[in-house]
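Novice: Please see the structure below; I have some questions.
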Amino acid sequence: MKKYISNSENETKQIGRKIAETLKKGDVVVLTGELGSGKTKFTEGVLQYFGLEDEISSPTFTIVNEYSNNNGTIYHFDVYRLEDEDEFYAIGGEEYFEKGICLIEWGELIENALPNRFIRIQFKRSFENNDKREIIIEEVEK
């Protein structure tokens, strides 16, 4: 388990870039934390590392956004609006796992649909300082 402290959106993106150095095709990364805790900013950092700096947005209404270039493909999911794992299976969500790197916001909501090994990144906001975040990274094996 690793812990990082971020004091700004820019630092959260920097942490995303640092973690992206270790990611490879087939990795599934579950991003957990309350609304506004830094999940999308972290994802921006990951995309920047891979040269995918185009305008990014949280895929809240589309469920998944796909970003591709010669460096590979990143699938950015937001499963907050799904009823359950069955809806994830219905959209073929598990088929993405081997195609590229999957970043899944609110992935804890579909934990039973996740592969046996994944990376969980938890974002916790500070009560004293709204810009400060604790980012906890752990590998999970079910």
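Novice: Could you check the stretch 68-104 and list, in sequence order, the residues that are surrounded by 13 or more Cβ atoms within 10 Å (Cβ to Cβ), touching a residue at least 60 places away in the same chain (Cβ under 8 Å) and either of a type in the set (Asp, Glu) or within 23 Å of Glu34 (Cβ to Cβ) (or both)?
Specialist: Across the stretch 68-104, the qualifying residues are Cys102, Leu103, Ile104.
Novice: What tally of residues in the stretch 16-44 results from selecting those that are touching a strand residue (DSSP E or B) at 6+ places or on another chain (Cβ under 9 Å), farther than 25 Å from Lys142 by Cα and of a type outside the set (Lys, Arg)?
Specialist: 4
Novice: Another question, then. Within the bounds of the stretch 50-57, is there any residue that is exposed (fewer than 13 other Cβ atoms within 10 Å of the Cβ), farther than 25 Å from Ile5 by Cα and at pLDDT below 95?
Specialist: Looking for residues that are exposed (fewer than 13 other Cβ atoms within 10 Å of the Cβ), farther than 25 Å from Ile5 by Cα and at pLDDT below 95, one finds at least one in the stretch 50-57, hence yes.
Novice: Identify all residues within the stretch 5-35 that are more than 22 Å from Leu114 (Cβ to Cβ) and surrounded by fewer than 19 Cβ atoms within 10 Å (Cβ to Cβ); write none if there are none.
Specialist: Those that are more than 22 Å from Leu114 (Cβ to Cβ) and surrounded by fewer than 19 Cβ atoms within 10 Å (Cβ to Cβ): Ile5, Asn7, Ser8, Glu9, Asn10, Gln14, Arg17, Lys18, Glu21.
Novice: Right, next: Here's a check for you: in the stretch 107-142, which residue that is part of a loop (DSSP other than H, G, I, E, B) and modelled with pLDDT of 95 or more is surrounded by the fewest Cβ atoms within 10 Å (Cβ to Cβ)?
Specialist: Quick first cut of the stretch 107-142, residues part of a loop (DSSP other than H, G, I, E, B) only: 114-116, 126-132, 142.
Remaining after also requiring modelled with pLDDT of 95 or more: 114-116.
Working: Leu114: 22, Pro115: 15, Asn116: 8.
It comes out as Asn116.
The values are calculated or read from the model by the stated rules, or taken from the named source; none is laboratory data. For clarity, every value in this text was computed on a predicted model and none was experimentally measured. We place every Cβ from the backbone using ideal geometry, glycine too, and count neighbours over all the protein chains shown.
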